[in-house]
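Some notes on the structure that comes next.
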2 protein chains.
Amino acid sequence: MKFIEKLEKAIKKNDSLVCVGLDTDVKKIGKGKNQFLFNKEIIKATNDLVCSYKLNAAFYESIGHKGIESLKKTCDYLKTNHPEIPIIIDAKRADIGNTNEGYVQFIFTHLKADALTIHPYLGQEAIRPFLNQLDKGIIILCRTSNPGAGEFQDLEVKGTPLYKIVAKQVTRKWNTNGNCLLVVGATYPKELREVRRIVGQEMFFLVPGIGAQGGDIKSTLKAGLNNRKTGLIINSSRGIIFADNPREEAKKLKSEINQYRN
Amino acid sequence: MKFIEKLEKAIKKNDSLVCVGLDTDVKKIGKGKNQFLFNKEIIKATNDLVCSYKLNAAFYESIGHKGIESLKKTCDYLKTNHPEIPIIIDAKRADIGNTNEGYVQFIFTHLKADALTIHPYLGQEAIRPFLNQLDKGIIILCRTSNPGAGEFQDLEVKGTPLYKIVAKQVTRKWNTNGNCLLVVGATYPKELREVRRIVGQEMFFLVPGIGAQGGDIKSTLKAGLNNRKTGLIINSSRGIIFADNPREEAKKLKSEINQYRN
């Protein structure tokens, strides 16, 4: 099954655009505590409320191979118990051609994840090993959520800012297998609207920046939804997983989002 | 000690600009063979001929946590037996601010490496956790060695291609701690010359693309050397580590390079 089909099924089943970000920071869960066991509890509490889970590789790599084992165990747990929920690995990789095969092996063969985030800077030719994964989602950084995102992303090439050129290239040239998505931060609703205009109605965006980073739900939804009231994967990490009641926070976010989808 | 000082000492001691790339592809060394043991043999054979070792994370991640253990063991082995040789982790990371702390932990605390490669797309504000590492080398992708590098890197902003803008920003704004280096591929000697002109004589470049990728030694050295006949870390991976006699290949590369340094 294509990644987008799997994602749309999950969105429909749980009536949700919420992606829970398992940014399981060892400093926050307590040193020596197991990242996988923490994740399992979050997954048990939220799996009927989400369209996907996103695991940011940095929080697992931080402690070396033991973290990578927890990442793997979390993916295995999801595949066994909730195979219908897509797993996104937010690893922001990208190297030259042959080297990317190593990342493809790690993310899609070893972890058996469904999607991966990547940097665009090296161009399509370099990242073809990712784009060749027909049934996987390849999520390209377009407009990132950080305050200083504009340093290069806003530079204008013949009047068009770089992030829009990335959106155009991905839509017109990279997406021949229908497996590309874009990262566009909730902290930039104006830019989100521009990107939706460029890419049309089919493409999905992974949207970080809600919650702790200050992104607003209403303006994100108004700017980014497609004409089927989907097209967005709205990620929340810290705001859910470190809340006193993660289930309640996920539920709240889901219904806050859904009021703009009806 | 600053990374650049450590690097210059290693260059002087071994009279070499050669960096051996430990791209220890499990498919090439044979499944089940241990990446660390392979690396140890290469290090034993070449440690008096190099200015640094570079480990590309993709080749270790490809097999999951066991590969990360081999990566760690290789770094530990180098730190114990050859503490004077800088270790570069070619991981091409970059996320938003707080998340990068995880990569800092992994690369500099866990692996105890000396330098890391990163993507520039998110801007200085995001990658500050890397730039704050005073004694580490932060190596920013500027002009990559792949054939399709120009898709974004050559786009002109008011007449200046993006890779040159990256070089300018890094030199003038990012390098306040004197710990920045740039990646410029040997496959683009003209661009290498341009970047040397922009950044001046102090900054070092990590130069991939010699050998299998087709980069020419003479034109690379002519274009990239600084006025002290250093300023370049010339990487060769496959061409050395999978040769019948890795020591002879490293020696050959070292002397081929040094004929342009005298």
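For region B:169-262, give me every one of the strands (runs of 3 or more DSSP E) that falls completely inside it and has 1 or more residues that are surrounded by 16 or more Cβ atoms within 10 Å (Cβ to Cβ) and of a type in the set (Ser, Thr, Tyr).
Details: elements: B:180-184, B:205-207, B:232-236.
Where strands (runs of 3 or more DSSP E) fall fully within region B:169-262 and carry at least 1 residues being surrounded by 16 or more Cβ atoms within 10 Å (Cβ to Cβ) and of a type in the set (Ser, Thr, Tyr), they are B:232-236.
Any residue in region B:169-189 that is more than 18 Å from residue A:121 (Cα to Cα) and among the charged types (D, E, K, R)?
yes
Mind telling me which of the residues B:92, B:112 ends up being of a type in the set (Lys, Arg) and within 23 Å of residue A:23 (Cβ to Cβ)? Before you say what the answer is, go through the steps one by one.
Details: B:112 fails: within 23 Å of residue A:23 (Cβ to Cβ).
Just one listed residue meets the conditions, B:92.
Here is a yes/no grid of residues against (1) hydrophobic (A, V, I, L, M, F, W, C); (2) over 16 Å from residue B:258 (Cβ atoms):
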residue: B:168; (1), (2): no, yes
residue: B:174; (1), (2): yes, yes
residue: B:196; (1), (2): no, yes
residue: B:208; (1), (2): no, yes
residue: B:212; (1), (2): yes, yes
residue: B:226; (1), (2): no, no
residue: B:234; (1), (2): yes, no
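Looking only at region B:163-175, how many residues end up being among the polar types (S, T, N, Q), away from chain A (no Cβ under 12 Å) and farther than 28 Å from residue B:53 by Cβ?
The initial filter retains those residues of region B:163-175 that are among the polar types (S, T, N, Q), namely B:169, B:171, B:175.
Subsequent filtering for residues that are away from chain A (no Cβ under 12 Å) retains B:171, B:175.
Now restrict to residues that are farther than 28 Å from residue B:53 by Cβ: none.
The total comes to 0.
Within region A:189-202, can one find any residue that is without any contact (Cβ under 8 Å) to a residue 12 or more places away in the chain and away from chain B (no Cβ under 13 Å)? Let's see the steps before the verdict.
Pass one, region A:189-202, residues without any contact (Cβ under 8 Å) to a residue 12 or more places away in the chain: A:197.
Still in the list and also away from chain B (no Cβ under 13 Å): A:197.
Scanning region A:189-202, I find at least one residue that is without any contact (Cβ under 8 Å) to a residue 12 or more places away in the chain and away from chain B (no Cβ under 13 Å), so the answer is yes.
Are any of the residues in region A:20-37 within 30 Å of residue A:262 (Cα to Cα), away from chain B (no Cβ under 14 Å) and of a type in the set (Gly, Ala, Ser)?
Taking every residue of region A:20-37 in turn, none turns out to be within 30 Å of residue A:262 (Cα to Cα), away from chain B (no Cβ under 14 Å) and of a type in the set (Gly, Ala, Ser).
Take the residues in region A:78-127 that are within 9 Å of another protein chain (Cβ to nearest Cβ) and of a type in the set (Lys, Arg), then tell me which one is farthest from the chain's Cα centre (by Cα).
A:93
Considering only region A:9-31, state which residues are touching a residue at least 60 places away in the same chain (Cβ under 8 Å), closer than 17 Å to residue A:204 by Cα and surrounded by fewer than 17 Cβ atoms within 10 Å (Cβ to Cβ).
A:9, A:15
Would you be able to say whether some residue in region B:87-94 is basic (Lys, Arg), surrounded by 20 or more Cβ atoms within 10 Å (Cβ to Cβ) and under 30 Å from residue A:143 (Cβ atoms)? Before you say what the answer is, go through the steps one by one.
Taking region B:87-94 first, the residues basic (Lys, Arg) are B:92-93.
Now drop any that are not surrounded by 20 or more Cβ atoms within 10 Å (Cβ to Cβ), which leaves B:92-93.
Keeping just the survivors that are under 30 Å from residue A:143 (Cβ atoms) gives B:92-93.
Yes.
Give the residues of region A:56-77 that are more than 7 Å from chain B (Cβ to nearest Cβ) and surrounded by 19 or more Cβ atoms within 10 Å (Cβ to Cβ), sorted by residue number.
So in region A:56-77, the residues more than 7 Å from chain B (Cβ to nearest Cβ) come out as A:57, A:60, A:66-67, A:70-71, A:73-77.
Correct list: A:57, A:60, A:67, A:70, A:71, A:74, A:75.
Which of the residues belonging to region A:1-15 are outside any helix (DSSP H, G or I) and under 16 Å from residue A:113 (Cα atoms)?
From region A:1-15, those outside any helix (DSSP H, G or I) are A:1-2, A:15; that's our starting set.
Across region A:1-15, the qualifying residues are A:1, A:2.
Filter region B:52-96 for residues that are hydrophobic (A, V, I, L, M, F, W, C), touching a residue at least 60 places away in the same chain (Cβ under 8 Å) and over 22 Å from residue A:101 (Cα atoms) and give the result.
From region B:52-96, those hydrophobic (A, V, I, L, M, F, W, C) are B:55, B:57-59, B:63, B:68, B:71, B:75, B:78, B:85, B:87-89, B:91, B:94, B:96; that's our starting set.
After this cut, where a residue has to be touching a residue at least 60 places away in the same chain (Cβ under 8 Å) as well, the list is B:85, B:88.
B:85, the sole residue that qualifies.
In region A:130-162, how many residues are touching an Asp or Glu at 6+ places or on another chain (Cβ under 8 Å), more than 8 Å from chain B (Cβ to nearest Cβ) and among the polar types (S, T, N, Q)?
Adding up the residues that qualify gives 0.
For region A:28-56, which residues satisfy the criterion of being part of a helix (DSSP H, G or I) and touching a helix residue (DSSP H, G or I) at 6+ places or on another chain (Cβ under 7 Å)? Before you say what the answer is, go through the steps one by one.
Of the residues in region A:28-56, the ones part of a helix (DSSP H, G or I) are A:28-29, A:35-46.
Within region A:28-56, A:29, A:35, A:36, A:38, A:39, A:40, A:42, A:43, A:45, A:46 meet the criteria.
The numbers here are math on the coordinates, done by the rules we state, and not lab data. Since we're looking at a predicted model, the values are computed, not measured. Positions of Cβ are backbone-derived with ideal geometry, glycine not excepted, and every protein chain shown enters the neighbour counts.
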